[in-house]
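Below: the structure, in structure tokens.
Please treat every number below as a calculation from the coordinates, not as lab data. Computed from a predicted structure; not experimentally measured. Cβ atoms come from the backbone with ideal geometry, glycine included; neighbour counts cover every protein chain shown.
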């Protein structure tokens, strides 16, 4: 089964790659999760747009990753969340919440799959969150969770 990847998939490729996978893997995993689209001549024309979007988001090299890490670590990220009177949240902070908070703080575009939360954030206050930029560069940002 021929597919065009729309997101990076470990051990398979990055967004914009044309891959040939077994039909069950493509039909049951890649397509339903939005990691790929079915290959066709019309869809092949979309590859250039997918690759342009990937290049805009991606880290070019180690030096660029260090610059992005410095930008992220200088940000003051506040995350409003619903909380009770005692400071416990109704739920937990997710990586998507962290990405949205970084975006509102005028930070660089990051992918939610690169956000690493060691233990679930379920209380208000200051917490540290890791963001993996490349294999060797990880940014640690402080997220201030406030009750809303």
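Figures for the structure shown
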| read-out | value |
| --- | --- |
| The chain: angle of helix 62-74 to the longest principal axis, Cα-based, in degrees nearest 10 | 30 |
| Binned Cα-Cα distance frequencies in the range 29-148 - 10 Å width, integer % | 12, 36, 27, 18, 5, 1 |
| Compactness of the range 100-148, expressed as Rg and Dmax over alpha-carbon positions, Å | 11.3, 36 |
| Distance in nm between pseudo-label sites at residue 146 and residue 31 (7 Å out along the Cβ direction from Cα) | 4.7 |
| Value of relative contact order over the range 1-92, rounded to a whole percent, pairs C-alpha under 8 Å and six or more apart | 23 |
| 90, 29 arranged by Cβ crowding within 10 Å, fewest neighbours leading | 90, 29 |
| Net length gained if the chain between residue 40 and residue 86 were fully extended (0.36 nm per residue, minus Cα distance) | 11.0 nm |
| Listed residues 101, 83, 38, most fluctuating in the chain (Gaussian network, C-alpha, under 10 Å) | 38 |
| Ranked list, fewest to most other Cβ atoms within 10 Å of each Cβ, for 137, 143 | 137, 143 |
| Angle in degrees between helix 95-104 and the longest Cα principal axis of the chain, rounded to the nearest 10 | 80 |
| Model label zone, residue 53; criterion: amide N under 11 Å from point 7 Å along Cα-to-beta-carbon; scope the range 92-132 | none |
| Angle in degrees between helix 47-57 and the longest Cα principal axis of the chain, rounded to the nearest 10 | 20 |
| Helix-only [θ]222 nm of the chain, DSSP H runs n ≥ 4, -39500 (n - 2.57) each, per residue, nearest 500 | -7500 deg cm²/dmol |
| Per-pair calculated FRET efficiency, R0 = 30 Å: residue 12 and residue 103 via Cβ, rounded to 0.05 | 0.60 |
